[in-house]
Amino acid sequence: MATFHFELVSPEKLLFSGEVEAVVVPGVEGQFTVMKDHAPVMTVLKAGIVEIDEAPNKKSRLFVRGGFADVAAGGLTLLAEQATPLEQFDSARLAQEIKNAEEDLADATSDEAQKLAADKLDQLNELKAAVAA
């Protein structure tokens, strides 16, 4: 299968740079898969799982929390607000974060605070499902 260049960058570090066969990206308008010679596009990332197919039997999964995706002739670049490999998540810590987010949602008094708390809870539940998969 044909490959293309992919980079995943977070504020802390360069998490991935190399040739890949495909990358599944969580865009705000839906998940999409980038392969070699994909049409140019720039979009906002939503919180979700990035799946990297480096080779037929080598796949990586990372959780990203927001950012931007840029598909160009030179390949794909993801600029993530936060990115963490799924294997680095602690299920007890994640359960506590979900509990805290549920309490924040229950305590929210304004519409904006409720939306922010609900979004955070949705992101954490998506992460929990991805870690379990």
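Has region 50-57 got any residue that is under 14 Å from the mean Cα position of the chain (by Cα), over 16 Å from PHE32 (Cβ atoms), in contact (Cβ under 8 Å) with a residue 24 or more places away in the chain and open to solvent by less than 30 Å² (accessible area, probe 1.4 Å)? No.
Small (Gly, Ala, Ser) and closer than 22 Å to VAL20 by Cα - does that describe any residue in region 83-101? The answer is yes; a qualifying residue exists. Working only within region 18-39, note down all residues that are under 16 Å from the mean Cα position of the chain (by Cα) and more than 14 Å from ALA73 (Cα to Cα). Once the filter is applied, which keeps residues that are under 16 Å from the mean Cα position of the chain (by Cα) and more than 14 Å from ALA73 (Cα to Cα), region 18-39 yields ALA22, VAL23, VAL24, VAL25, PRO26, GLY27, VAL28, GLU29, GLY30, GLN31, PHE32, THR33.
Name the residues in region 20-44 that are over 30 Å from ASP119 (Cα atoms) and either open to solvent by less than 40 Å² (accessible area, probe 1.4 Å) or without any contact (Cβ under 8 Å) to a residue 24 or more places away in the chain (or both), would you? Within region 20-44, VAL20, GLU21 meet the criteria. Scanning region 1-17 for residues that are among the hydroxyl-bearing types (Ser, Thr, Tyr) and either more than 18 Å from the chain's Cα centre (by Cα) or farther than 13 Å from PRO85 by Cα (or both) yields a count of 2. In region 65-92, of all residues being of a type in the set (D, E, K, R) and surrounded by fewer than 17 Cβ atoms within 10 Å (Cβ to Cβ), the one that is nearest to LEU15 (Cα to Cα) corresponds to GLU81. Quick check on region 104-122. Is at least one of its residues over 27 Å from PHE6 (Cα atoms), in contact with a Leu (Cβ under 9 Å, 6 or more places away or on another chain) and in a loop (DSSP other than H, G, I, E, B)? Scanning region 104-122 turns up at least one residue that is over 27 Å from PHE6 (Cα atoms), in contact with a Leu (Cβ under 9 Å, 6 or more places away or on another chain) and in a loop (DSSP other than H, G, I, E, B).
The values are calculated or read from the model by the stated rules, or taken from the named source; none is laboratory data. The model shown is predicted, which means the values in this text are computed figures rather than measured ones. Backbone-built Cβ (ideal geometry, glycine too); neighbour counts: all protein chains shown. Side chains included, ligands, DNA and RNA excluded: accessible areas come from the protein's heavy atoms. Shrake-Rupley method; radii C 1.70, N 1.55, O 1.52, S 1.80 Å.
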